[in-house]
Amino acid sequence: MDVLARVLFDESHRQAWTTRSEVARRMRPENPADCGLVEAADALRGAGFSVAVHESGPLLADVLAAADVLVLPHCSTDDWEATTRTGSPEYAAAEIDAIADFVHGGGGLVILAETEQPKYGNSLARIAARFGVEIDNATVQDPEHRFHDVPTWVMLDAATPTAAGEEVASDLFAGVSGACFYRSGVLSVAGDDGTQTVFARSHDSAAPPRAPLLVGVRAGPRRRRRRLRLRR
C-alpha cells in the first residue's frame, strides 16, 4: 500500500506526550489519556501515513532522512510534567541545525508548544524562532468561546481572508465544526514576506483577543513546498 508521508514523532527529549500506549500508562497510570497521542497516531495510520517514533539518541540528519514530517511534542523538565524520562528537553545546537536543514530541504515540521512556555526548560521556542515565529509566555482565557464552561479551554476562531489578503483561508478545518485548545499560549509572527499564514486565532472575547494560536510557515524550497505548523 502506498504511504502518503512518513511521520516521525520525537520522544527522545523528555516529551510530556507519547504515541506509545505502554509509555503513556507508565507516565500517568491513573489517566494515560492525559499524556497520550495514541489516538492521533492511529488516526494518521488509518489515513495512509506511516508513523515512527524516535525513542532515544541525538535527532540528527541520519534520523531525519527516514522522515517526511517531524513532530516535536511538548517537552519539559520533570519538575513540571510527567515525561518519557528520556534525554533532555533542551535540543543541542547541532540538533536544531539539523531540524532547520530538514525543513529548508523540503521536510515538514509540527511543533506542539504549551502555555507559559518558558518555564518548561525546553528548546521549542528556539526552534520556532528559526522560522520567524515566537512562542509567547501567556495563557489564553475566553469566558464566552470556551469548552465545558472552562475559560482556559478556548475555542479556536479559524482565520478568514482579509480585504488586503494578509491571511489565507485553507482547508485545514474542512469538515471540522469546532476545535479547542486546552490551556493555550499564543504565537507572534515576525515579518510580512508572505511565507506565514495564521490558521486560527483567539476570539474577540478572549484575553488576549485575536492572538495567533495556530500558524504555518512556508519554509522549504519552492519546488517542494511543505508547511511548518505550530500550535499555541
Return the total of residues in segment 41-99 being out of contact with any strand residue (DSSP E or B) (no Cβ under 9 Å at 6 or more places or on another chain) and at positive phi.
3
Quickly run through segment 91-115 and pick out the residues that are among the aliphatic types (A, V, I, L, M) and without any contact (Cβ under 8 Å) to a residue 12 or more places away in the chain.
A93
Within segment 100-134, residues touching a Leu at 6+ places or on another chain (Cβ under 6 Å) and among the β-branched types (V, I, T) come out as V103, I111, V133
Within segment 191-224, considering residues that are under 17 Å from A113 (Cβ atoms) and part of a loop (DSSP other than H, G, I, E, B), the one modelled with the lowest pLDDT
A219
Tabulated pairs, segment 128-143, first touching a residue at least 24 places away in the same chain (Cβ under 8 Å), second of a type in the set (V, I, T) and in a loop (DSSP other than H, G, I, E, B), C-beta under 8 angstrom, 6+ apart or interchain:
G132/T195; D136/V186; A138/T115; A138/V186; T139/T115; V140/T115; V140/V186
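The values are calculated or read from the model by the stated rules, or taken from the named source; none is laboratory data. Please read these numbers as outputs of a predicted model, since none were measured by experiment. Here Cβ is always computed from backbone atoms with ideal geometry, including for glycine, and neighbour counts include all displayed protein chains.
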